Amino acid sequence: MGQLFITVLITAIVVTILIVPLTKKIPKGELTGKQFSILLTSVFLGSLILTFLTVYISKVDLHWTVFLYVAPVAALVGALFAAGAEQKLKSVLTLISILALAYLLAAPIFNAEQKYQSSEMEEQVEIQPFDETKTPASVPPKFAKNKMRKAFGQVPNTSYYELGHLQIQKVNGEFVYIAPVEFSGLFKWFNGKTTPGYFIMSATDSSDNPKFMAHEMAYIPSAYFNKNLERHIRLQYPTLIFYGDVQLEIDDEGVPYYIRTYGDFISARNGFDVKGIVKVDAKTGQSEKIALADVPEFIDGAISPEAVSLQNSYYGNYVHGFWNSVFGKKDVKIPSDEGTEANVSPVFMEDGEMYYFTDFSSPKEGVDSMLGYSLTHARTGKATYYTGNLEESYMDSQGALEIIEKKFIEKEWEGEMPILYNFYGEASWLSAVLDSNGFLQNYFIVSAANPEISAYAFTPNEALKLYKAALSRGGSTVDGSSSAEEAQLTAKVLRVYKERVGDFTIVSLLTDTGQNFIVSSEAVPLAIYLEQGDEVTMTYYATGEQFQPIKQLTIRGVQKCRAVAGILNAFVCA
């Protein structure tokens, strides 16, 4: 609060100097000492109170550039009240402040190149292969929020509260959704003062039930007056530039904190460049300003999704400056608006870190091909742009959602949270499918390069098995990653497991070498005859996975069979 009062005091002094005729000379004569004192005191106190109330009510920052909106008016009023040399001086100040304000308003035209440079990304072709034994965070947020609302009876004094903003996070190594309990109105806050806690639910298991965690919180977005979280942060840090909403983060002990991203303007009062976060204890209100490099490990989303979405727009639009983004649009890429949070989708990759996913498409209307996609690290802000296979044309996320809508047009189901994966060497969209009530019905996978190839099932793993069969039927090569080396093996089969998936059978086998393998009967029809005790000779892809895919297979006593199998390459999502 000390910094706020100092800033407000300086503002009031500057405004008073600009407005009050310090020489006491006015167009109609000269002020008496008493008149001058009354005018000076009135303007100073009025400026002081008005500035404080403006900050308190609007929560606007007191960065020095905000005064450029006030300076022309204050200087003009001062010029009208003053006389002689002071009037001339304040008239010049009025002109200078008007020019400064004009620059402020025109900044978006001139700083486009700086915005692009601040958002420039490293470019690669495809994401790294992902270990298929890990479970993707595939539960859609809309479905998770519906389940939390159904479980709201766990909250004490339920009528006081409502469910707050849902977001994904990693807690104790598990991917979960968290959502705070918020007040449902002013009178509920007046009676309750604090909220009792938050909900937590698995982001990988759709059958998991939400659990209410009791942790008292006083400084929250739905509180009022000084307990309102955004106002509390603004009063502590009046000059900081914030971008994006506050976000709830839970440490590994379950203690709730709120964070908000701060940064600098690119130039004037335009653009945003992330510098760090402000962390607030939700119970005590104790706050801390933390640079981006020093963000605690338990905080996954240090950079707000709104800030990432803004950076994506800079990178996609301003590659050749402002005017090109309006007229020629050469090399312009438009970020998708299909993300689950501020047009981006939080996902967890193989390294266990959270990233924001966005796909980019052409600005030309009627074109649904994807030009590339980006991943932005949610803690550091480091971003990578993936071009995909330039020899193929990839469908964008909007196109994938349209295919799902047409597939289930009679049931009126729709897709949510489309994420691009690399399944079996094929760029593919995975999306959850929800009914009109927001309940999860299945998972849909469709090839980004060949939209006619698709599959769906109740779980992602079942959908993957069906999708693999669909790829084979569609003529695609299910050969996985080119980095997988081929290996030869002759061994005895100790165990065989056969699972019917659609029209085909997936055969899993354990050999006396201790290795597991997998093959589909669609590509190797005679694999259905494989039995315990058989001797087999095979060529397989040495991927290091728990079940390694077989390329060629010979069963002793049965004719030689050939198969093309694959590796699951993917990344984890929110």
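The values are calculated or read from the model by the stated rules, or taken from the named source; none is laboratory data. From a predicted model like this one, the values you see are computed outputs, not experimental measurements. Cβ: placed from backbone, ideal geometry, glycine included. Neighbour counts: every protein chain shown. With ligands, DNA and RNA removed, areas are computed over all heavy atoms of the protein, side chains included. Shrake-Rupley method; radii C 1.70, N 1.55, O 1.52, S 1.80 Å.
Tabulated data
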| quantity | calculated |
| --- | --- |
| Integer Hz, Karplus 6.51/-1.76/1.60 couplings in order for segment 162-174, x for Gly and Pro | 8, 7, x, 5, 8, 8, 9, 7, 9, 10, 6, x, 10 |
| For Thr459, distant residues with modelled amide H under 5 Å away | Tyr443 |
| Relative packing of 207-217, 330-340, which averages over residues the other C-beta atoms within 10 Å, highest first | 330-340, 207-217 |
| Amide proton proximity set for Val171, modelled H, under 5 Å, gap of 5+ | Val176 |
| Reachable aspartates and glutamates from Lys411, criterion Cα separation under 13 angstrom, eight or more residues apart if same chain | Asp435 |
| Convex hull volume per residue in cubic angstrom - Cα atoms of segment 250-294 | 83 Å³ |
| Matching label, Kirkwood radius over Cα pairs in Å computed from the structure shown, candidates [x] 24.6; [y] 27.6; [z] 30.0 | [y] |
| Cα-centred dipole magnitude for segment 168-310, charges only on beta-carbon of K, R (+1) and D, E (-1), debye, nearest 20 | 740 debye |
| For Gly197, residues with placed amide H under 5 Å, excluding near neighbours | Val181, His215, Met217 |
| Cβ-derived FRET efficiency at R0 30 Å, Gln117 paired with Phe327, nearest 0.05 | 0.90 |
| Debye, to nearest 20: dipole size of segment 378-477, +1 on Lys, Arg Cβ, -1 on Asp, Glu Cβ | 400 debye |
| Within the accessible area of the chain (1.4 Å probe), percent carbon and sulfur | 54 percent |
| Integer Hz, Karplus 6.51/-1.76/1.60 couplings in order for segment 185-193, x for Gly and Pro | x, 4, 5, 5, 5, 4, 7, x, 6 |
| Among Leu390, Ser309, Phe348 - extreme Cα towards positive end, dipole of segment 268-420, charges at beta-carbon | Ser309 |
| Assigned charges on the beta-carbon of Lys, Arg, Asp, Glu; the chain dipole about Cα centre (debye) | 2580 debye |
| Axial C-alpha extent at least 24 Å, average Kyte-Doolittle at least 0.0 - helices from the chain (DSSP) | 2-19, 33-58, 84-110 |
| For the chain: accessible area per residue (Å², 1.4 Å) | 46 Å² |
| Rg ratio (alpha-carbon, reference 2.2 N^0.38 Å) - segment 1-143 | 1.74 |
